[in-house]
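The values are calculated or read from the model by the stated rules, or taken from the named source; none is laboratory data. This structure is a prediction, so every number in the text was calculated from the model and none was measured. We place every Cβ from the backbone using ideal geometry, glycine too, and count neighbours over all the protein chains shown.
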Amino acid sequence: MKKLLIPILIVAAVVAVVIFLRNESSVAVQNDYGSKVVYASASTDEEKESYRKDCSERGGTFLECGTPCAPDAQFCVQVCAFTCENINAN
């Protein structure tokens, strides 16, 4: 039993570090439609750059003035939103 305890503790520590690092670099996403992501509004240039980086990692096209609506929406408000579009197309 003691031989298993150390490897279990090591695995648990690694998992905890990975979870912490993933949460540390996460961005604020309002909606995820699969082929399109709508980000929360950015109050700093650093937040906007984190959205650009996230979109690039998703393989999409970052738009500073995209539509916040779902790709298949019949009606949509005409406001600008930070979006990452064409995620599956690129």
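So is T83 touching a helix residue (DSSP H, G or I) at 6+ places or on another chain (Cβ under 9 Å), surrounded by fewer than 18 Cβ atoms within 10 Å (Cβ to Cβ) and of a type in the set (V, I, T) or not?
When the stated conditions are applied, T83 does not pass them.
Residues in region 40-80 that are touching a helix residue (DSSP H, G or I) at 6+ places or on another chain (Cβ under 9 Å) and among the β-branched types (V, I, T): how many?
1
What pairs come out if I take residues in region 64-78 that are farther than 25 Å from D45 by Cβ and pair them with residues that are of a type in the set (D, E, K, R) and assigned to a loop (DSSP other than H, G, I, E, B) whose C-beta lies under 7 Å away, six or more apart or interchain?
Correct list of pairs: P71/K36.
What is the number of the single condition among (1) within 14 Å of S26 (Cα to Cα); (2) exposed (fewer than 14 other Cβ atoms within 10 Å of the Cβ) that C55 does not meet?
Of the numbered conditions (1) within 14 Å of S26 (Cα to Cα); (2) exposed (fewer than 14 other Cβ atoms within 10 Å of the Cβ), the odd one out for C55 is (2).
If I go through region 45-90 residue by residue, how many of them are of a type in the set (D, E, K, R) and in a loop (DSSP other than H, G, I, E, B)?
1
Name the residues in region 31-63 that are touching a residue at least 40 places away in the same chain (Cβ under 8 Å) and touching a Pro at 6+ places or on another chain (Cβ under 9 Å), would you?
G34, S35, K36, V38, listed by residue number.
Can you tell me which residues in region 40-77 are of a type in the set (V, I, T) and modelled with pLDDT of 95 or more?
Matches in region 40-77: T61 only.
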